[in-house]
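This report refers to the structure that appears directly beneath it.
Nothing in this text is a laboratory measurement; each read-out follows from the coordinates by a stated rule. Model, not experiment: these values are computed from the prediction. Heads up, the Cβs are rebuilt from the backbone with ideal geometry, glycines too, and the neighbour counts pull from every protein chain shown.
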Amino acid sequence: MSLHGRDVISIRDLTRPEIEELLDSARRMIPYAEGKKVTHPLTDKIVAMAFFEPSTRTRLSFESAVHRLGGECITIADPLVSSVRKGESLSDTVHMLTSYSDAIVLRHPNEGSARLAARVSEKPVINAGDGAGQHPTQTLLDLATMKEAFGTLSGLRVVLLGDLKYGRTVHSLAYALALFGAELVFSSPSTLRLPDEVRDQLEHMGVRIHEEDQLHRAVRDADVLYVTRIQKERFPDEAEYLKVAGSYRIDNGVLAGAKSRLIVLHPLPRAGEIAAEVDATSHAAYFRQAFLAVPVRMALLAALLGGPKSKGRS
Amino acid sequence: MRELKITPIKNGTVIDHIGNGLALEVLKIIGVQSLDKDSTVSVALHVRSGKLGWKDIVKVENMELSPRKVNAIALIAPTATISIIREYKVREKRVVDLPDRIVGVLRCPNLNCISNQVEPVESEFDVAERRPVVLTCAFCERRVDDFLHHLA
């Protein structure tokens with residue numbers, strides 16, 4: 001098994017053993033991500049950061065990961081100042097980037113853009129979010145945070161709260177948790193329930209699925225509470241957004257009935273879904289989750305680029 | 001022997017066993033406007049069928065279907081059979097069959113899919129399920145089971 005030279009477009013591109021290997025590697029990368037140790041497997045490598053949508057955490061953590069591994073970045077951080085503004089297609093932009101770099105990290109507003117980029121590029125492409133589609137490295141760091149807290153993913157009871165209809169992180173995460181035998185509880189406003197096709201796929205994988213509209217009941221037996229932001233930009237209709245905006249909020253009152261070891265995760269940025277008072281509790285794991293983005297992305301970049309081989313697809 | 005309600009053709013294609021009411025959609029796929037102006041197109045709607053109960057039939061003179069059009073017909077009329085006629089004789093007869101990947105036949109219903117943007121790429125779908133047929137977009141993974149409204 002080798003990830004060397006592969007594209008990572010969807011979490012489904014990775015097998016369970018590959019995910020486990022990446023999580024183990026990410027754990028070993030932590031002192032390097034903290035700057036306490038030094039490793040440079042990406043010496044002389046250039047990674048193109050092609051961000052056609054705003055991003056803070058994802059781009060900075062990828063850039064930090066590249067630098068910690070001894071590589072260099074070239075970056076499109078704002079499409080308004082790139083040739084995209086002049087009407088250049090994504091395909092042409094990727095043709096250019098593939099000749100300037102050893103790998104491409106792509107965030108783009110259109111679903112399927114990373115799949116297209118991977119076809120065009122001779123170098124590995126990592127999907128850093130394609131519209132409302134996939135965001136596999138977010139899923140990896142979510143899993144890494146849970147594994148660090150509990151030592152295992154198997155048997156965890158994970159509540160997925162919020163926008164389960166449009167949220168891109170939730171579908172990938174649910175799939176990955178299903179691979180590891182976690183128990184899933186879905187809690188959302190009624191108009192933002194998990195799409196039937198996603199539910200069918202999960203049930204086909206043998207997952208036990210529960211739905212719980214009452215937040216305090218959902219939280220009661222949970223090991224992980226994964227909170228998502230309701231993303232206004234994903235809604236086709238503003239009226240639908242306004243109906244559900246602000247419909248749930250995690251505070252110490254909600255968490256009063258939770259297990260002491262419950263951890264609260266959030267892909268961030270939050271927009272009022274988690275009260276600031278939760279930050280001081282032992283439940284708050286979302287800043288640790290944001291930090292783990294660096295060692296997880298280091299592990300992935302090292303697996304894709306460390307060593308001399310060229311791109312090959314499995 | 002049953003009376004034929006449509007006259008035989010010398011050369012061309014007969015698409016038989018089209019599900020009842022779908023012949024006009026098949027005509028759209030064939031693109032009859034672009035045919036040789038001397039060709040006859042015959043359409044029979046609501047014909048008795050031993051297999052289907054009722055069926056539609058389309059006969060087109062002087063035309064053989066491209067693989068892409070056959071794939072499109074397979075999506076909307078999966079029971080159809082296609083016969084190639086040369087000199088009034090059936091030279092080849094086959095049921096329509098979906099390949100595992102369908103290129104350039106449908107538009108992705110996800111308007112935000114990269115295949116619907118200005119990119120040098122054709123739409124592509126993989127067959128996820130065959131009975132009933134469900135396709136997934138090879139780019140954005142959107143599932144599609146309503147093909148009539150998304151023909152390219």
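A few notes on this one:
- Among the chymotrypsin sites (Phe, Trp or Tyr not before Pro) within the range B:37-126, those in coil by DSSP and having at most 11 neighbouring Cβ atoms inside 10 Å are B:Y88.
- Computed from label points 7 Å out along Cα-Cβ, the spacing between A:R288 and A:T75 is 2.8 nm.
- Cα centre as origin, Lys/Arg/Asp/Glu Cβ charges: the protein assembly as shown dipole, Debye: 700 debye
- From the alpha carbon centroid of the range A:140-160 to that of the range A:1-60 is 19 Å.
- Peptide-level mean, for B:117-126, of C-beta atoms on other protein chains within 10 Å: 4
- Dipole magnitude for the range B:101-150: about 140 debye, using +1 per Lys or Arg Cβ and -1 per Asp or Glu Cβ, origin at the Cα centre.
- Prolate/oblate/rounded call for the range B:12-95, Cα gyration tensor, a/c under 1.5 rounded: rounded
- With each label modelled as a point 7 angstrom along the Cα→C-beta vector, the B:K89-B:T7 pair spans 2.3 nm.
- Stokes-Einstein D for the range A:122-259, Kirkwood Rh over Cα pairs, 10 °C, 1.306 mPa s (µm²/s): 101 µm²/s
- Calculated FRET efficiency for the pair B:L45/A:D251, C-beta based, R₀ 56 Å, to 0.05: 0.30
- Peptide A:109-121, shielding by other chains (average Cβ, 10 Å cutoff): 6
- Treating r as the C-beta distance of A:R261 and A:S154 and R0 as 25 Å, the FRET efficiency rounds to 0.95.
- Distance between the modelled labels on B:K28 and B:D145, one decimal in nanometres: 2.1 nm (7 Å Cα→Cβ projection).
- q = 0.21, 0.25, 0.29, 0.30 Å⁻¹: log10 I(q)/I(0) that the Debye formula gives for the range B:101-150, counting C-alpha atoms only: -0.64, -0.91, -1.20, -1.27
- Dipole of the range A:80-238, positive direction: furthest Cα of A:Y175, A:P109, A:T191, with charges on the beta-carbon: A:P109
- Rounded tilt (10° steps) of A:57-68 against the dominant C-alpha axis of chain A: 50 degrees
- Sparsely packed loop sites in the range A:28-60 (the trypsin sites (Lys or Arg not before Pro) outside DSSP H, G, I, E and B with at most 10 other Cβ atoms within 10 Å) comprise A:K36.
- Whole-Å distance, taken between Cα centres, linking the range A:97-120 and the range B:77-106: 37 Å
- With eigenvalues of the C-alpha gyration tensor scaled by 5 and rooted, the protein assembly as shown, Å: 49, 28, 19
- Amide H within-cut-off set for B:I85, under 5 Å, with H built and near neighbours excluded: B:G12, B:T13, B:V14, B:R91
- Taking a straight Cα-Cα cut-off under 19 Å and skipping sequence neighbours fewer than 8 places away in the same chain, the lysines within cross-link reach of A:K147 are A:K259.
- Interchain or long-range residues, amide H under 5 Å from A:R6's placed H: A:G312
- Mean Cα-pair separation over length for chain B, i.e. relative contact order, pairs under 8 Å, 6 or more apart, %: 22 percent
- Value of relative contact order over chain A, rounded to a whole percent, pairs C-alpha under 8 Å and six or more apart: 24 percent
- Phi-based couplings in Hz for the range B:65-80 (Karplus 6.51, -1.76, 1.60; Gly and Pro marked x): 7, 6, x, 5, 5, 4, 4, 5, 5, 4, 6, 9, 9, x, 8, 5
- Between amide H atoms placed 1.01 Å from N, distances below 5 Å from A:R249 occur with no residue 5 or more places distant or on a separate chain.
- Low-density loop cleavage sites - trypsin sites (Lys or Arg not before Pro) in the range A:209-254, where at most 16 other Cβ are within 10 Å (DSSP): A:R249
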